[in-house]
Amino acid sequence: MAAPMQRPLLKILAWAVPLGLALLAVPHVVGPFHTLTLMYGLVFGIAVLGFNLLLGYTGLLSFGHSAYFGAGAYAVAFMVKYFKLASMELFLAGSVLVSAVISIVFGFVCVRYTRIFFGILTLALSQVLWSLAFKFFWVTGGTDGLRIPTPWLLGMDPGTDKMEFLAFRYYYYVLAVFVLCAIVMWVIVHSPFGKALQAIRDNETRAEFVGIRIRRYRLIAFVISGVFAGLAGALWAPLNGLATPDVLVWTFSGEIVFMAVLGGFHNFIGPIVGAVAFTYLKTYAVGFTVYWQLLLGTVLVVLVLALPRGIMGMVEYLIAKLRRPR
Amino acid sequence: MSLLSTQAVAKSFGDNRAVNNVDFTVRQGEVLALIGSNGAGKTTLVNLISGLYRPDSGRIDFDGRDVTSQSSYERIQAGIARSFQLVNLFDQLTCLDNVALSIFSREGKTLKLATLASRDRAVWDEALEVLRQFGLDGKAAVPAGGISHGERKLLDVAVAYALKPKLLFLDEPTSGVSTREKAPIMDIVSAIVRSGGITVVIIEHDMDIVFRYSERIVVMHQGAILADGAPDEIRRNDQVTTTLLGTHVTGEAA
């Protein structure tokens, strides 16, 4: 049993190193448009990685992840508006704190239920946050949202050229946080705790009878999941320049679900692939026609029907086929 | 010495007294069979002991302590484990993972989230050893959903066994298995529990298995204990044969 442990690491390095180099080269090779689109994809990728800890690994479909993403974005907006802060590191810390508190409270209620009841509860609670952001306009700016200026990164002044800042320095910042998040999530799902979550997903009754306290584990997974979404929201805020109730509304939760399904939630990197693919599809659909929702919807329905296990499910299938040629 | 004893435990579901003031004792180290027709209260009694249900009245002592008000989690920690009549496994995880999870849990390691599970070599070695004992080491890397029914029954027992319990309930370990496969499964299970010195309560319908593998038999009927004794005594007990065994065993004994 000694050898098989080393091989996965080598296998991961074999594609992670070229991919990493490609990601590092992106701002220098493609224009700011593609760099920014990719950044949105990576930011959503963090949120969907978090989301998938619940769906793919714990077997819980959250339909309210906009709440934690939005909480992260608004945490940044409030820190700018009320505390006059500008440090991205403080923004990240603040969004982790806020999204953790909210997901502890919401999670405490939601993990008592599973399946459709869990989904509906997460949806309902996220709508509560949305209506707060929507109605309390003197605090949140209502539909106008709150402006978020370019932040200081690691104590460095962002300068005045916003496009240069976003497409280069902020890109590398987002990339670094993304890689860190991906590594942390990879360790979590491969830890004994991650195994326990998968056990709960597969068979709740049995998990309980091998001594796993399922509610507690679900709650921990819920909070980790929410914090990932909150962190993504904080990274998204300066990129968008504005925090609006749009990121709290339930349709955005739906997009998060879609990204996971599109990429393949049975696979660790499926959510990342799905987030990037969805962002590109949406960007092009919006640029192509004013009826972009219709176009995007049609494309997505076709994709899901053609790839029931998502993009990564298809990739796995093709790799398996190549290995065993007939 | 008794490892487990219940005193006048009762449990009703509506008007149905599923378990009616039962005094049930399991002695340290024995292999006991709990038999009775469907609806006799066997599974309810086991559910009361494992903590799935709370008794309406009565008291349960395990390993020298009153566990009546303890949760099922606390009873698992105290050393009560069970397998399931309808196999309950983690189907998408490998057979090795299924067993390893019991070991991680037993050692209180399942809350560790900053270390890779694969690094804990001792756990995997032990898990593989358990699979080997159950003759399932060849299936270690196969998802539990992808092995035969007989193998799944064995794995179900292996998962409970890997918790190293003091008392192990086997709920119909050979149900749904072909007659030909029953004896091999029971041979494996009984050899393992005897060598491990684990006290076992088997709930079983197959009388051949009951008489062959148990040291003591407790017969339940309509929520109460009808008879309690060595296999030979039970075989000779007229009340048992008429209510439960029918003419099949009497004929065999004669």
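Restricting attention to segment B:121-146, which residues are more than 10 Å from chain A (Cβ to nearest Cβ) and basic (Lys, Arg)? If you could, list the steps in order and put the result at the bottom.
In the first step, residues of segment B:121-146 are kept if they are more than 10 Å from chain A (Cβ to nearest Cβ); the result is B:122, B:126, B:129-139, B:142, B:146.
Within segment B:121-146, B:ARG132, B:LYS139 qualify.
Could you pull out the residue among A:SER253, A:SER225 that is touching a His at 6+ places or on another chain (Cβ under 8 Å), of a type outside the set (A, V, I, L, M, F, W, C) and within 14 Å of chain B (Cβ to nearest Cβ)?
Working: A:SER253 fails: within 14 Å of chain B (Cβ to nearest Cβ).
Selected residue: A:SER225, the only one of A:SER253, A:SER225 that is touching a His at 6+ places or on another chain (Cβ under 8 Å), of a type outside the set (A, V, I, L, M, F, W, C) and within 14 Å of chain B (Cβ to nearest Cβ).
Have a look at B:SER69, B:SER5 and point out the one that is in a strand (DSSP E or B), of a type in the set (Ser, Thr, Tyr), surrounded by fewer than 21 Cβ atoms within 10 Å (Cβ to Cβ) and free of Cβ contacts under 8 Å to residues at least 60 places away in the same chain.
Details: B:SER69 fails: in a strand (DSSP E or B).
Of the residues listed, the single one that is in a strand (DSSP E or B), of a type in the set (Ser, Thr, Tyr), surrounded by fewer than 21 Cβ atoms within 10 Å (Cβ to Cβ) and free of Cβ contacts under 8 Å to residues at least 60 places away in the same chain is B:SER5.
Take the residues of segment B:204-254 that are of a type in the set (Val, Ile, Thr) and in contact with a Ser or Thr (Cβ under 7 Å, 6 or more places away or on another chain): which is modelled with the highest pLDDT? Don't jump to the end; show me each part of the working.
First pass over segment B:204-254, keeping only residues of a type in the set (Val, Ile, Thr): B:209-210, B:217-219, B:225, B:234, B:240-243, B:247, B:249-250.
With in contact with a Ser or Thr (Cβ under 7 Å, 6 or more places away or on another chain) added as a condition, the list becomes B:209, B:241, B:249-250.
Working: B:ILE209: 83, B:THR241: 73, B:VAL249: 47, B:THR250: 42.
Here the answer is B:ILE209.
Which residues, counting only those in segment A:127-142, are within 24 Å of the chain's Cα centre (by Cα) and either acidic (Asp, Glu) or within 14 Å of A:ALA77 (Cβ to Cβ) (or both)? If you could, list the steps in order and put the result at the bottom.
Pass one, segment A:127-142, residues within 24 Å of the chain's Cα centre (by Cα): A:127-134, A:140.
Listed by number, the residues that qualify are A:LEU129, A:LEU132, A:ALA133, A:THR140.
Among the candidates A:GLY274, A:GLY254, single out the residue that is touching a Gly at 6+ places or on another chain (Cβ under 6 Å) and either under 26 Å from A:TYR68 (Cβ atoms) or touching a residue at least 12 places away in the same chain (Cβ under 8 Å) (or both). Can you show your working first?
Values: A:GLY254 fails: touching a Gly at 6+ places or on another chain (Cβ under 6 Å).
It is A:GLY274.
In segment A:172-181, is there at least one residue being assigned to a helix (DSSP H, G or I) and within 14 Å of chain B (Cβ to nearest Cβ)? Show your work before the answer.
Residues of segment A:172-181 assigned to a helix (DSSP H, G or I): A:172-181.
Next, from what is left, pick out any that are within 14 Å of chain B (Cβ to nearest Cβ): A:180.
There is at least one residue in segment A:172-181 that is assigned to a helix (DSSP H, G or I) and within 14 Å of chain B (Cβ to nearest Cβ).
Identify, by number, the condition in (1) at pLDDT below 95; (2) on the phi < 0 side of the Ramachandran plot that A:GLY59 doesn't meet.
(2) is the only condition that A:GLY59 fails.
So which residues in segment B:120-138 are in a helix (DSSP H, G or I) and closer than 15 Å to B:MET186 by Cβ, if there are any at all?
Listed by number, the list holds a single entry, B:GLN133.
Would you check if there is a residue in segment B:36-49 being more than 26 Å from B:LEU86 (Cβ to Cβ), without any contact (Cβ under 8 Å) to a residue 40 or more places away in the chain and either β-branched (Val, Ile, Thr) or away from chain A (no Cβ under 14 Å) (or both)?
At the first step, the residues of segment B:36-49 found to be more than 26 Å from B:LEU86 (Cβ to Cβ) are none.
No: segment B:36-49 contains no residue that is more than 26 Å from B:LEU86 (Cβ to Cβ), without any contact (Cβ under 8 Å) to a residue 40 or more places away in the chain and either β-branched (Val, Ile, Thr) or away from chain A (no Cβ under 14 Å) (or both).
Give the residues of segment B:91-119 that are in a helix (DSSP H, G or I), crowded, with 21+ Cβ neighbours inside 10 Å, at the interface with another protein chain (Cβ under 7 Å from one of its Cβ atoms) and among the polar types (S, T, N, Q), sorted by residue number.
Listed by number, the residues that qualify are B:SER102, B:SER105.
Checking the condition among the aliphatic types (A, V, I, L, M) and over 29 Å from B:HIS149 (Cβ atoms), which residue from B:VAL67, B:VAL46 passes? Full working, then the answer.
On the way: B:VAL46 fails: over 29 Å from B:HIS149 (Cβ atoms).
Selected residue: B:VAL67, the only one of B:VAL67, B:VAL46 that is among the aliphatic types (A, V, I, L, M) and over 29 Å from B:HIS149 (Cβ atoms).
Can you tell me which residue in segment A:6-17 is modelled with the lowest pLDDT, limited to those that are under 23 Å from the mean Cα position of the chain (by Cα) and loosely packed, with under 11 Cβ neighbours inside 10 Å?
Filtering first and then ranking leaves A:TRP15.
How do the pairs read when you match residues in segment B:147-176 that are within 14 Å of another protein chain (Cβ to nearest Cβ) with residues anywhere that are of a type in the set (Phe, Trp, Tyr) and outside any loop (DSSP other than H, G, I, E, B), using Cβ under 7 Å and keeping only pairs 6 or more apart or on different chains?
B:LEU168/B:TYR161
Considering only segment A:182-204, state which residues are closer than 22 Å to A:LEU153 by Cα and either within 14 Å of chain B (Cβ to nearest Cβ) or touching a strand residue (DSSP E or B) at 6+ places or on another chain (Cβ under 8 Å) (or both).
Residues of segment A:182-204 that are closer than 22 Å to A:LEU153 by Cα, as a first pass: A:182-184.
Result: A:ILE183, A:VAL184.
Take the residues in segment B:144-173 that are β-branched (Val, Ile, Thr) and part of a helix (DSSP H, G or I); name whichever of them is modelled with the lowest pLDDT.
Taking the candidates together, the pick is B:VAL157.
Of all residues in segment B:74-90, which are of a type in the set (Val, Ile, Thr), at the interface with chain A (Cβ under 7 Å from one of its Cβ atoms) and outside any helix (DSSP H, G or I)?
The initial filter retains those residues of segment B:74-90 that are of a type in the set (Val, Ile, Thr), namely B:76, B:80, B:87.
With the extra rule that they be at the interface with chain A (Cβ under 7 Å from one of its Cβ atoms), the set shrinks to B:76.
Residues satisfying the conditions do not exist here.
Pick from segment A:209-219 the residues that are within 8 Å of another protein chain (Cβ to nearest Cβ) and surrounded by 20 or more Cβ atoms within 10 Å (Cβ to Cβ): which of them is nearest to A:LEU42 (Cα to Cα)? Write out each step before concluding.
First pass over segment A:209-219, keeping only residues within 8 Å of another protein chain (Cβ to nearest Cβ): A:209-213, A:217.
If we keep only those that are surrounded by 20 or more Cβ atoms within 10 Å (Cβ to Cβ) as well, we get A:209-212, A:217.
Details: A:PHE209: 39, A:VAL210: 38, A:GLY211: 37, A:ILE212: 34, A:TYR217: 27 Å.
Within segment A:209-219, the match that is nearest to A:LEU42 (Cα to Cα) is A:TYR217.
If B:ALA141 meets every condition in (1) buried (at least 20 other Cβ atoms within 10 Å of the Cβ); (2) in a loop (DSSP other than H, G, I, E, B) apart from one, which number is that one?
Every listed condition holds for B:ALA141 apart from (1).
State whether the residues of segment A:131-148 include one that is away from chain B (no Cβ under 14 Å), surrounded by fewer than 16 Cβ atoms within 10 Å (Cβ to Cβ) and outside any helix (DSSP H, G or I). Please lay out each step first, then the result.
At the first step, the residues of segment A:131-148 found to be away from chain B (no Cβ under 14 Å) are A:131-148.
Among the residues that remain, those that are also surrounded by fewer than 16 Cβ atoms within 10 Å (Cβ to Cβ) are: A:131-132, A:135-139, A:142-144, A:147.
So of that shortlist, the ones also outside any helix (DSSP H, G or I) come out as A:136, A:147.
For segment A:131-148, residues away from chain B (no Cβ under 14 Å), surrounded by fewer than 16 Cβ atoms within 10 Å (Cβ to Cβ) and outside any helix (DSSP H, G or I): present.
Suppose the filter is closer than 28 Å to A:VAL304 by Cβ, touching a helix residue (DSSP H, G or I) at 6+ places or on another chain (Cβ under 9 Å) and either within 14 Å of another protein chain (Cβ to nearest Cβ) or surrounded by fewer than 24 Cβ atoms within 10 Å (Cβ to Cβ) (or both); does A:PHE168 pass it? I'd like the intermediate steps shown before the answer.
On the way: closer than 28 Å to A:VAL304 by Cβ: no; touching a helix residue (DSSP H, G or I) at 6+ places or on another chain (Cβ under 9 Å): yes; either within 14 Å of another protein chain (Cβ to nearest Cβ) or surrounded by fewer than 24 Cβ atoms within 10 Å (Cβ to Cβ) (or both): yes.
No: the conditions fail for A:PHE168.
The values are calculated or read from the model by the stated rules, or taken from the named source; none is laboratory data. None of the values given here were measured: they were computed from a predicted structure. Ideal geometry is used to build each Cβ from the backbone, glycine not excepted, and the neighbour counts take in all protein chains shown.
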